[in-house]
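To start, the structure under review is shown below, and the notes come after it.
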Ligand code: UDP
Ligand code: MG
């Protein structure tokens with residue numbers, strides 16, 4: 001029987017936590033009774049530096065049930081880092097770890113399927129949303145556009161898959177070899193390889209509380225995803241440079257013809273236009289290059305990606 005760890009990052013989730021604990025405990029009991037999971041299975045809540053009573057609740061529930069455990073980060077490090085902290089804590093203690101959100105948006109009903117696929121030999125199982133009906137038109141449009149854009153840039157990510165996934169112990173071991181600071185797990189996991197499969201599920205609405213991912217964080221996440229995995233923007237810059245050089249040659253020829261035909265008047269407008277256009281373009285290009293330089297900078301510091309304050313896992 002497999003030891004299954006559920007890794008649940010939580011940031012200010014006191015409103016949903018009681019229900020999440022209840023449902024996951026029920027689920028673990030069901031899995032254990034059904035012979036799918038061993039009694040050593042655990043739910044590992046990662047408190048990502050919450051400002052509310054999240055950690056107190058985790059402590060309380062872990063005292064009540066042996067299945068509940070917790071990791072408290074020293075401060076808020078963001079969803080991806082919190083998730084990694086949980087997965088790395090689970091590594092070595094479990095046969096497989098399943099990551100899911102605290103707000104019960106990821107359908108707990110399909111957890112059996114994840115475990116079954118693992119037992120059939122899959123090392124990675126991706127939870128894929130079967131539809132996006134519950135999203136706002138804006139979120140749906142931007143998310144799907146983003147997946148397509150990433151595919152265009154040559155980044156391998158699973159369409160409509162977020163962070164609801166199972167990783168076997170070997171995948172966890174492999175994941176620990178990735179040392180990057182700008183974490184984008186859904187880009188890293190496909191790079192790991194191993195046999196993988198999909199589980200389809202309906203994503204519901206947040207059970208309680210509000211989203212901890214405002215638009216600003218989402219945009220940062222999206223940009224991270226691109227700049228951590230694709231150097232195509234750099235190539236686009238060079239291509240753009242070549243095209244503009246060619247255009248300027250044509251323009252130069254055109255200007256020469258006008259000059260020799262005697263009809264050239266000092267072209268104030270065209271000069272102004274080109275100055276502004278080139279100025280803007282150069283700034284854009286420098287900006288993109290700067291993004292990569294910024295990454296080199298942060299990666300070269302090799303800062304720890306998380307620091308664990310406390311851990312509770314009962315034997
Ligand atoms: N989360 C976290 N740290 C953060 C922000 C979010 O651990 O800084 C957790 C949060 O508690 C939840 C998950 O990440 O379990 C997904 O966040 P949320 O549901 O707010 O995002 P959404 O579903 O709205 O995209
Ligand atoms: Mg959510």
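Filtered by the rule that a residue be buried (at least 16 other Cβ atoms within 10 Å of the Cβ) and either away from ligand 1 (no atom under 13 Å from the Cβ) or part of a helix (DSSP H, G or I) (or both), region 199-225 gives 199, 201, 221, 222, 224, 225.
Pairing residues of region 209-220 that are within 14 Å of ligand 2 (Cβ to nearest atom) with residues that are assigned to a loop (DSSP other than H, G, I, E, B), at Cβ distances under 6 Å and at least 6 apart in sequence or on separate chains, gives 209/15; 209/16; 212/11. In region 78-158, counting only helices (runs of 4 or more DSSP H) that sit wholly within it, the ones holding 1 or more residues that are within 15 Å of the chain's Cα centre (by Cα) and within 16 Å of ligand 1 (Cβ to nearest atom) span 79-90, 137-152.
More than 16 Å from ligand 2 (Cβ to nearest atom) and farther than 26 Å from residue 14 by Cβ: does that describe residue 170? Judged against the criteria, residue 170 is a match.
Residue 46 meets the conditions (1) at pLDDT 95 or above; (2) over 19 Å from residue 314 (Cα atoms) in every case but one. The failed one is (2).
Here 226, 242, 188 are screened, and the one residue that is over 29 Å from residue 104 (Cα atoms), at pLDDT 75 or above and more than 16 Å from ligand 2 (Cβ to nearest atom) is 242. Restricting attention to region 291-315, the residues being assigned to a helix (DSSP H, G or I) and at pLDDT 80 or above number 6.
Mind listing whichever residues of region 56-78 are crowded, with 23+ Cβ neighbours inside 10 Å and either within 16 Å of ligand 2 (Cβ to nearest atom) or closer than 24 Å to residue 305 by Cβ (or both)? Result: 58, 69, 70, 71, 73. Is region 228-248 home to any residue that is under 18 Å from the mean Cα position of the chain (by Cα) and assigned to a helix (DSSP H, G or I)? There is at least one residue in region 228-248 that is under 18 Å from the mean Cα position of the chain (by Cα) and assigned to a helix (DSSP H, G or I).
What are the residues in region 17-51 that are within 16 Å of ligand 2 (Cβ to nearest atom) and either more than 18 Å from residue 83 (Cα to Cα) or touching a strand residue (DSSP E or B) at 6+ places or on another chain (Cβ under 6 Å) (or both), if any? 19, 23, 24, 45, 46, 48 - these are the residues of region 17-51 that are within 16 Å of ligand 2 (Cβ to nearest atom) and either more than 18 Å from residue 83 (Cα to Cα) or touching a strand residue (DSSP E or B) at 6+ places or on another chain (Cβ under 6 Å) (or both). When region 187-197 is filtered for residues that are out of contact with any helix residue (DSSP H, G or I) (no Cβ under 8 Å at 6 or more places or on another chain) and within 17 Å of residue 227 (Cα to Cα), the ones remaining, listed by number, are 190, 191.
Please specify each residue of region 159-192 satisfying the condition of being part of a loop (DSSP other than H, G, I, E, B) and in contact with a strand residue (DSSP E or B) (Cβ under 8 Å, 6 or more places away or on another chain). Of everything in region 159-192, those that are part of a loop (DSSP other than H, G, I, E, B) and in contact with a strand residue (DSSP E or B) (Cβ under 8 Å, 6 or more places away or on another chain) turn out to be 159, 160.
For region 62-70, the criterion of being more than 9 Å from ligand 1 (Cβ to nearest atom) and free of Cβ contacts under 8 Å to residues at least 40 places away in the same chain is met by at least one residue.
Just wondering, is there one or more residues in region 50-61 that are within 16 Å of ligand 1 (Cβ to nearest atom) and either within 22 Å of the chain's Cα centre (by Cα) or within 20 Å of residue 171 (Cβ to Cβ) (or both)?
The answer is yes, given that some residue of region 50-61 is within 16 Å of ligand 1 (Cβ to nearest atom) and either within 22 Å of the chain's Cα centre (by Cα) or within 20 Å of residue 171 (Cβ to Cβ) (or both).
The values are calculated or read from the model by the stated rules, or taken from the named source; none is laboratory data. Keep in mind that this is a model prediction, so the values were computed, not measured. Positions of Cβ are generated from backbone atoms using ideal geometry, with glycine treated the same way; all protein chains shown enter the neighbour counts.
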